[in-house]
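Below: one structure, written as structure tokens.
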Amino acid sequence: MKRIGVIGCGHIANVHAYSLAQLGAAKLVDASITATYDNDAARAEKLARRHGGVAFPSVEALLDAVDVAWVCTWTSGHLPAVVEAARRGVAVFCEKPLAPTLAECEQVAEALSGVPHQVGLVLRHAPVFARLAELAHDGRYGRVLTAVMRDDQYFPIQGMYGSTWRKDVAHTGGGTLIEHSIHDVDVLRWMLGDPVEVTGATASRFGHVGIDDTAVVNLGYADGSRAVLVSVWHQVLSRGSSRRLEVFFEQAYCWTEDDYLGPLHVQTSDGSEEWTAPLPPWATRLDVPEVHEKSVAQYAEPNMEFLIGLDASPPRTGHPGAAEALAAHRIVDAAYQSAHNGSTPIHLHPNP
Ligand SMILES: NC(=O)c1ccc[n+]([C@@H]2O[C@H](COP(=O)([O-])OP(=O)(O)OC[C@H]3O[C@@H](n4cnc5c(N)ncnc54)[C@H](O)[C@@H]3O)[C@@H](O)[C@H]2O)c1
């Protein structure tokens, strides 16, 4: 049985822990949370109590006692935890963003590359985006002309977030663009590849220095296609996190407002149809109220894939890995550079 250590025991750690416990109980993985650590000892103890593990006094002591670490600290805590884990050869699931600055992201990616790992860019496991990526790659509707991604949520220092570090640039490296829309940049890159031109414009309307609450990014691709990302942190507390992605192909208009199973709406000259992915068959084995099946499966799937890969010989890195995450960070960094320079376009050299 793989011994899992959870480092940072806040919101997303509890989401992962719940899905990991469900996967273990359903015998879909042979792994269990045995250790926790948080700067706030009470949080570590609470998570350990709930899952039958032990709260450790330091990250180093935890890492000496586990096979795999889930790094779920706030963003500025990822680098030291990942470096310590990699030094010991402990496999790592590292939450996104990798780190607040591009230089630190490179260090996180370097450390991760030495051990089996996976990054928490969980939208890579969403069938609806896999379907769109497939359509973009197989050319059945012709070339992509343009994609429009809108991502919004209420400013996440209140409500269900229950923590305030997201208003502190030293912990985050920025606001809605890096903290939340790194997911969107990664999805656009999955569909459209690496942009050759990035233009960014940001605003901080709620007075938190260095924390963009509004970001608009324009992306240009070598084949002439374009994408726009609009990322917003507002104050509409009744409105949860939501995404809308529209893709215009030469021969089809596709859109979705669901970031897991769909539906994906597809309109062509022949009319309109909807495509929805089924819930994965294993999800019915989880002991979860039906109403939560979908949201638990969304995190359970990447967690399960990572753990199953660790059982392979040799252990596999999951997807996405550090290289994909770093490529998304380069785009985010270019957008911030552009925004700081009066929205001057930044020209990038796509990966070969
Ligand atoms: N993949 C996703 O869908 C997703 C969703 C939410 C958050 N996240 C990411 O997960 C990370 C955590 O976010 P959250 O919402 O859970 O925050 P949170 O504030 O709820 O929890 C963070 C916890 O980390 C602890 N911590 C901070 N530095 C630490 C350190 N050096 N060692 C040990 N513990 C430390 C804090 O005390 C806190 O308990 C962030 O990087 C965030 O961007 C990812």
Fill in the blank from the handout: Only one of (1) assigned to a helix (DSSP H, G or I); (2) at pLDDT below 95 does not apply to Tyr299, and that is (2)
Fill in the blank from the handout: Taking region 52-110 and keeping residues within 30 Å of Asp212 (Cβ to Cβ), away from the ligand (no atom under 11 Å from the Cβ) and of a type in the set (D, E, K, R) leaves Glu104, Glu106, Glu110
Handout entry: Which listed residue, of Ala31, Ala35, Ala13, Ala26, is within 20 Å of Phe56 (Cα to Cα) and away from the ligand (no atom under 16 Å from the Cβ)
Key = Ala31
Problem - Single residue of region 155-191 satisfying the filter (open to solvent by less than 40 Å² (accessible area, probe 1.4 Å) and away from the ligand (no atom under 14 Å from the Cβ)) that is nearest to Gly207 (Cα to Cα) - result: Leu188
Completion exercise
When every residue in region 58-77 that is open to solvent by 40 Å² or more (accessible area, probe 1.4 Å) and over 22 Å from Ala170 (Cα atoms) is compared, the one nearest to the chain's Cα centre (by Cα) is Asp67
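Restricting attention to region 292-314, which residues are of a type outside the set (A, V, I, L, M, F, W, C) and surrounded by fewer than 19 Cβ atoms within 10 Å (Cβ to Cβ)? Working first, answer last.
Just the residues of region 292-314 that are of a type outside the set (A, V, I, L, M, F, W, C), to begin with: 292-295, 298-299, 301-303, 305, 309, 311, 313-314.
Answer for region 292-314, where residues must be of a type outside the set (A, V, I, L, M, F, W, C) and surrounded by fewer than 19 Cβ atoms within 10 Å (Cβ to Cβ): His292, Glu293, Lys294, Ser295, Glu305, Gly309, Asp311, Ser313, Pro314.
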Exercise for the section: Six or more apart or on different chains, Cβ under 6 Å: which pairs go from a residue in region 137-150 that's on the phi > 0 side of the Ramachandran plot to one that's hydrophobic (A, V, I, L, M, F, W, C)? Could you list them? Expected result: Gly142/Phe249
Problem - Matching residues in region 11-31 - criterion: being open to solvent by 40 Å² or more (accessible area, probe 1.4 Å) and not in a helix (DSSP H, G or I) - result: Lys27, Asp30
Practice task
Kindly state which strands (runs of 3 or more DSSP E) lie completely within region 206-291 and contain at least 3 residues that are open to solvent by less than 80 Å² (accessible area, probe 1.4 Å).
Solution key: 214-220, 226-234, 242-249, 253-256, 264-268
Practice task
Considering only region 204-247, state which residues are farther than 24 Å from Leu348 by Cα and free of Cβ contacts under 8 Å to residues at least 40 places away in the same chain.
Solution key: Ser204, Arg205, Gly207, Ser238
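The values are calculated or read from the model by the stated rules, or taken from the named source; none is laboratory data. These numbers come from a predicted model, not from an experiment. All Cβ positions, glycine included, derive from the backbone under ideal geometry; neighbour counts span all protein chains shown. Remember, those area values only see protein heavy atoms, side chains included, never the ligands or the DNA or RNA. Shrake-Rupley method; radii C 1.70, N 1.55, O 1.52, S 1.80 Å.
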